[in-house]
Every structure is written in C-alpha cells, then in structure tokens.
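To keep things clear, I will list the structure first and then write my remarks on it.
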Amino acid sequence: MRKLLATIKKELLLLWRDKIGLTVLFIMPMCFILIISLLQSTTTQQRQKMSIVLVSHDSGKLAQAITKGLESSKYFTLSTANTASEEVIQSIADGRHQALVIIPQGASKSIETYSKQSLVTNEKPQTPKKITLLFDPALQASARDAITNAIHLYVNQIQAQAMADAVSNILGTTPTQMNQTIIPITSQTALQGQVTNAKPNTVQQNVPAWSLFGMFFILIPLAGVMIKERNHSISQRLQLAPFSITGLLTSRIIAFTLINLLQLSLMLLIGILILPLFHLPSLVIGNQPSLVIITGICAALAATSFGIFIGAWLKTYEQAAAVGPILIVIAAAIGGIMVPIYMMPTTLRPFADFSPLYWGQSAFIDIFVRHTGFKEIFPELAKLLAFAILMLLFASIKLRRKL
C-alpha cells in the first residue's frame, strides 16, 4: 500500500509541475461552458436580429401583411427603400443587410384575382406575381430558410383570406377572418411516466458536454509524463524496484482519475453557482447525485485509460500532443458534444455509437434531463468501462514489450 501511495504522489507531483497541462484541463472546459452557454442562451439576451430591406411597389393587403409581420417579428429588423437600387443591392452583397424583399406592383390584386379564378372559372387561373428575395452571400442556409418561410407564412395568410372572401361572395355570407388562431397550442415536456411544464435548457447540454471534452484532454499531461519517463529511462529504473507494471498502471489510473473527478466537480459547480451570475439557468443535478458520481467515475476511467494508451503507443510528446487532440475533437464532433445528435446529418448519426464522449454525454443527459435511473444508463456505463479496459489492455501489451 505504501508503494502504491508513493507512486500516486509521484504522479500528482509531476502533474502539478505541468502548469500548461493543468491550464488545459481546468480553464479550457470552463471557458467552453461559459461562452457556449452564453452564445446559445435565448433567455437572458435577445438573439442578434437579421436585417431585412423591404422594397414594396404594392400598397395592398399583401404588402401590408408582410410589412407588419416583419416589423413585429423578434427575429428581424426591417428597413425600407423606394427602389432596389444598385446601392441597396450592394448593401446586401457586402453583408450590411442579410436580405432584400421586393414586392412587385399589383401583387395583392394578383392574389385576389387568382383566388377568384380558381374557384369560379374552370380555366387555369393566372399565376400571381412573384416576390423576389435577395440574400447576403455569406448567410447560412438555415437563416435563408427562416426568412423564406416567414415570407411564405405572410403570403399564405393573405391567400387564405382571399380564398375565404371569394367563397363568401359566392355563398353570399359574411367574410370570415382567417388571421385568428382557433385552436390553442400548449407545449410540455415528456418525462418518465409523466408530463411536466419543465423546459430543458442549454446549460444541461453544455456543462456535461464540455466537461467530458476537457476530461479527455487529460491525455496531454498524462502521455507527456509517460513519454518523458520512457525517454529518460525512468520507467526502466522503476522496474528495478520491487513494483510491477500493473502496480505502476494502477497508481497512474488512480492519480489521474482523481484529477478528472476534481475537474468534473469544478465544472458542475460552475454550472450550479457561476452561470446564474451571468443570468443563465442554473444546472439542476436532479435527485440522484449518486448516479452523477458513478457516471463521472466511469467517464474519468475512460479518459485516463485513453491517455495511457496514447502515452504507451506514441514515441514523442509532439506526436501525442498532435494525434490525441485530433482524435478527441473527432470523437466530440460525432458524439454530439458540439452539435446535438438530432441536429446532425443522418449519415453521421450511426458513428456516434463509436464515441466514448457520446456514451458519457448520453448518461449525463439521461440523469439531468430525463431523470432516469441506473438501469437506463447502465449500457452507456458498461461501454465506458469496456473502452477503459480495452485501452489499458493495449497499453499494457505495448509497455511490457518495451520493458
């Protein structure tokens, strides 16, 4: 036991001397949690609105509906121009405004005519005049779709009203107003066996996600220690002592797993205590803190074992510092750390099952958001432990060959 405690102390002292490694382990995930949560939050500050220029040559109901809709929207700021001049188009091209909407003259009348012709005559109705949208070339596809869908919504409202007016004229009844919501809509959240009004927030996604991301970066100081010991023949000298390679690996696992658990605890405390100071939601651990501890231990073992694997198989610190972070970033990208799985392309989703960060993130989300029990998160925990055992097996094989 004294030998084990001595080697654990040695590992902790070596890590303490690596100030850059400690900075990466603690400061990086802390910054990610705070910055990403602030960027994604919509509860404390309004998102940056997209600027739209409206050029309307029409004074009818369609132009009025589009103008009113864009002015009242919380996603757009509206400015108007008399014509789509070269200066206005240039303001779109250089990104000063995100979109230009051009409503042609007689657009409202053409919709009314189309509605009447489609109901009264058997002939093909005349196609309504087109509304033109001009976008900033740097605008993302999702933002383009948001603007296009908003314009479609306003046009459909006017078209539905024109249809209702045409039907009323045919039947000789009072026109019906189509811009009112008849059926109320409520939103709730489905939990285990119940329905609640609680709404998950970005903090519940970001804190465990970036905590896991930071935990796996333990490989940089861990691999650095192993490679330095090997290059300076310290490992061979340790082998001369009455202490097996299994004991050395065990002490290393315990020391760096403790560091990872300390790191995770700090990140959770930041989610609980610090983020509310920035008017962000506080992280709610739930009523099963023991599951958080168990998941944290499994994730820490997986991260530490991966670091030992990298340190055993790569020859230089430069290789470890280059290859390790690349593998972690790839695992984070496909594992739903940067973008939730449901927002990823369907071609990438199957690869998430190969990422240990995805297993840990899924377990934490199940605890924090879905309030599930040990039975539900057991498959993810088993995968993390199996990954840790596999990495240690490959690492021990390599170390025994070298020694």
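Has region 337-346 got any residue that is part of a helix (DSSP H, G or I) and surrounded by 18 or more Cβ atoms within 10 Å (Cβ to Cβ)? No. One residue stands out among those in region 230-281 that are at pLDDT 90 or above and of a type in the set (S, T, N, Q): the one that is farthest from residue 310 (Cα to Cα), which is 265.
For region 259-290, filtered to residues that are over 23 Å from the mean Cα position of the chain (by Cα) and in contact (Cβ under 8 Å) with a residue 40 or more places away in the chain, the residue that is nearest to residue 363 (Cα to Cα) is 288.
One residue stands out in region 158-181 among those that are farther than 18 Å from residue 117 by Cα and either touching a helix residue (DSSP H, G or I) at 6+ places or on another chain (Cβ under 7 Å) or of a type in the set (A, V, I, L, M) (or both): the one that is modelled with the highest pLDDT, namely 174.
The values are calculated or read from the model by the stated rules, or taken from the named source; none is laboratory data. Keep in mind that this is a model prediction, so the values were computed, not measured. Heads up, the Cβs are rebuilt from the backbone with ideal geometry, glycines too, and the neighbour counts pull from every protein chain shown.
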